Amino acid sequence: MTPTHTPHLADHSARELSAAYAEGLDPRDVAEAVLQRVAAFEPTLNALYVHDADQVRRDAEASARRWAEGRPLSAYDGVPTTIKENIPRAGVPLPSGTALPNPPVSTEHAPITDRLVEAGAVVVGSTTMPDWGMLSSGVSSLHGISRNPLDPALTTGGSSAGAGAAAAAGYGPWHVGTDIGGSIRLPGTWAGLTTLKPSAGLVPLHAPYIGRAAGPLARSAADAAALMSVIATPDIRDYSARPYPPLDWAQGPLDPRGLRVALQLDAGSGATVDPEIAQAVEAAAELFAAAGATVEPLEPFMAPELVAGVDAFWRTRSWVDYSALDAADRALILPYIARWCEGGKDYSGSDTLRHFGCFGAVQQATIAATHPFDLVLSPVAPMAAFPAERPMPLADPDVPMSHISFTLPYNLSGQPAASVNCGFLADGRTIGLQIAGRVGADDRVLAAAAWFESVRGDAAGVQWARLAPPPA
């Protein structure tokens, strides 16, 4: 008789926990399992900025009482979650990854935090990020280096660095990150996760900004969808929010038959796609075609000057913040970030307006290129995970960002874009498939990711049950 594997409580999905709580599972037992996981992994991973084990226990105890009394706050009362450090929690400092003294302390929760607390989620902690969120790694002047649970020598990606590490390590099923150019999906591709950068304004933000979104990082599309069912709720505090029709987060895998699907392997700018990554993404597209989708090539539409213009505007924006610091505080910022900021100091007002115009040009180009398709498949990034100590895939801060030409377009167009693991390089590093859709089709995008998870085979997905704590 073949023995059955009993998953560790920390590895249960949100829906499994919900059903088990209704049958009598104690949220305190789940919280203890997650705390044990944190204790085993955290000295190496450095995923958490604020973590209060006693508070986790108190929140789990409150959840246990509610379930025992038959009055849970939601179906997901007691589900462990983490929240990126730049998403306010009342009374928790907001350093944004920097070692600058006296970081602001929020007096209230962000909308996302409120929705999670109202649902009874047990907040395990705030997760780390690099300085000002402007690196695609876990390198921070405040936190040091956050590492990848699949291989601690590698980056977990960024800027939702700690969220990616926490999701991959199994600090519970739900993890919320933010994304302005790929900061949810890049940890997704480099840590083997399923993630979603939602449609613009679908998940309310406390500080909306062009292209910025917040969304789930998880081990499965089902967990990402369950989290979206909680946080994708309108809130008047996000003045950029737009109304969306009700979305079906429980619809299950999407049947690809009859869908028109684009395959893009050349973004038009940035680094050349690693051949092994291109091969894995092509193989994923073949699965969609075999299931009845019409798959067509999509030509490049991200001109190098557009990416360079967006990068230059971001530099100018960050130079304003950096230049306002005194000499002592400037010295606390990572040298890479300081050099990157200085690249924006000499642009004139006219230059800055031209650079800002690239945001609209990217939006226009993206929508024009993708609107005929139900889904667009592409790599998330052109390269695999790089050493954890490196701030960026390419170590030259004077060069425009070379790794976001597949992800950035959907931030600026407002379209949903998911990542899901689709294979591995010969050396074992993970490969992420990006699945993008039309604005407001977030549930269908995650349903397509769920379908792909069901057909990709064990060789293309991370075997989470095999993940062991790194050596102390």
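Pull up the range 198-235, narrow it to residues that are hydroxyl-bearing (Ser, Thr, Tyr) and under 18 Å from Asn411 (Cα atoms), then point me to the one that is surrounded by the most Cβ atoms within 10 Å (Cβ to Cβ). Per the criteria, the residue is Ser199.
For the range 90-123, which positions are in contact with a helix residue (DSSP H, G or I) (Cβ under 6 Å, 6 or more places away or on another chain) and either surrounded by 23 or more Cβ atoms within 10 Å (Cβ to Cβ) or not charged (D, E, K, R) (or both)? Once the filter is applied, which keeps residues that are in contact with a helix residue (DSSP H, G or I) (Cβ under 6 Å, 6 or more places away or on another chain) and either surrounded by 23 or more Cβ atoms within 10 Å (Cβ to Cβ) or not charged (D, E, K, R) (or both), the range 90-123 yields Ser96, Gly97, Thr98, Leu100, Ile112, Ala119, Gly120, Val122. Residue-level analysis places Phe406 among those that are within 16 Å of Ile184 (Cα to Cα) and touching a strand residue (DSSP E or B) at 6+ places or on another chain (Cβ under 6 Å). Quick check: is even one residue across the range 236-245 out of contact with any strand residue (DSSP E or B) (no Cβ under 6 Å at 6 or more places or on another chain) and surrounded by 22 or more Cβ atoms within 10 Å (Cβ to Cβ)? Among the residues of the range 236-245, not one is out of contact with any strand residue (DSSP E or B) (no Cβ under 6 Å at 6 or more places or on another chain) and surrounded by 22 or more Cβ atoms within 10 Å (Cβ to Cβ), which makes the answer no. Within the range 124-149, can you find the residues that are closer than 29 Å to Gly78 by Cα and either charged (D, E, K, R) or surrounded by fewer than 23 Cβ atoms within 10 Å (Cβ to Cβ) (or both)? Passing the criteria: only Arg147. Which one is surrounded by the fewest Cβ atoms within 10 Å (Cβ to Cβ) among residues in the range 448-463 that are small (Gly, Ala, Ser) and under 19 Å from Ala262 (Cα atoms)? My answer is Ala450. Selection over the range 190-216 of residues that are under 22 Å from Leu425 (Cα atoms) and either without any contact (Cβ under 8 Å) to a residue 60 or more places away in the chain or basic (Lys, Arg) (or both) gives a count of 0. Among the residues making up the range 256-275, a single one is within 17 Å of Leu186 (Cα to Cα) and among the charged types (D, E, K, R): Asp274. Among the residues of the range 340-353, the one identified as loosely packed, with under 15 Cβ neighbours inside 10 Å and touching a residue at least 12 places away in the same chain (Cβ under 8 Å) is Lys345. For the range 375-391, the count of residues that are charged (D, E, K, R), surrounded by fewer than 19 Cβ atoms within 10 Å (Cβ to Cβ) and assigned to a loop (DSSP other than H, G, I, E, B) is nonzero.
Is one or more of the residues making up the range 422-435 in a loop (DSSP other than H, G, I, E, B) and under 15 Å from the mean Cα position of the chain (by Cα)? Scanning the range 422-435 turns up no residue that is in a loop (DSSP other than H, G, I, E, B) and under 15 Å from the mean Cα position of the chain (by Cα). Is it true that Leu433 is crowded, with 20+ Cβ neighbours inside 10 Å, among the aliphatic types (A, V, I, L, M), closer than 26 Å to Leu287 by Cα and in contact with a strand residue (DSSP E or B) (Cβ under 7 Å, 6 or more places away or on another chain)? In short, yes.
Is one or more of the residues making up the range 222-233 polar (S, T, N, Q) and in a strand (DSSP E or B)? No, that holds for no residue. For Ile404, indicate whether it is at pLDDT 95 or above, of a type in the set (A, V, I, L, M) and farther than 17 Å from Ser183 by Cβ. Answer is no for this residue.
Screening the range 44-69 for residues that are farther than 18 Å from Ala10 by Cα and out of contact with any strand residue (DSSP E or B) (no Cβ under 8 Å at 6 or more places or on another chain) and picking the one that is surrounded by the most Cβ atoms within 10 Å (Cβ to Cβ) gives Trp67. Take Arg456 and decide whether it is within 20 Å of the chain's Cα centre (by Cα) and among the basic types (Lys, Arg). No; evaluated as a whole, the condition is false for this residue.
To keep it simple, each residue is scored yes or no on (1) surrounded by 21 or more Cβ atoms within 10 Å (Cβ to Cβ); (2) of a type outside the set (D, E, K, R); (3) within 29 Å of Gly428 (Cα to Cα); (4) at pLDDT 95 or above.
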position	(1), (2), (3), (4)
Ala271	no, yes, yes, yes
Gln279	no, yes, yes, yes
Glu282	no, no, yes, yes
Thr294	no, yes, no, yes
Pro300	no, yes, yes, yes
Ala303	no, yes, no, yes
Leu306	yes, yes, no, yes
Phe313	yes, yes, no, yes
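Within the set Gly201, Gly188, Gly181, the sole residue that is closer than 28 Å to Ala385 by Cβ and assigned to a loop (DSSP other than H, G, I, E, B) turns out to be Gly181. Of a type outside the set (A, V, I, L, M), under 30 Å from Arg65 (Cα atoms) and in contact (Cβ under 8 Å) with a residue 12 or more places away in the chain - does that describe any residue in the range 136-149? Checking the range 136-149: not a single residue is of a type outside the set (A, V, I, L, M), under 30 Å from Arg65 (Cα atoms) and in contact (Cβ under 8 Å) with a residue 12 or more places away in the chain.
Is one or more of the residues making up the range 406-421 over 28 Å from Gly172 (Cα atoms) and out of contact with any helix residue (DSSP H, G or I) (no Cβ under 8 Å at 6 or more places or on another chain)? Checked against the condition, which is being over 28 Å from Gly172 (Cα atoms) and out of contact with any helix residue (DSSP H, G or I) (no Cβ under 8 Å at 6 or more places or on another chain), the range 406-421 yields at least one hit. Taken together, the residues in the range 246-268 that are crowded, with 24+ Cβ neighbours inside 10 Å and modelled with pLDDT under 95 amount to 0. Elements of the type helices (runs of 4 or more DSSP H) sitting completely within the range 311-373 and holding at least 3 residues that are under 21 Å from Leu412 (Cα atoms): these cover 349-370.
The values are calculated or read from the model by the stated rules, or taken from the named source; none is laboratory data. Here the structure is a predicted model, which is why all the values come from computation and not from measurement. Note that each Cβ is placed from the backbone with ideal geometry, even for glycine, and that neighbours are counted across all protein chains shown.
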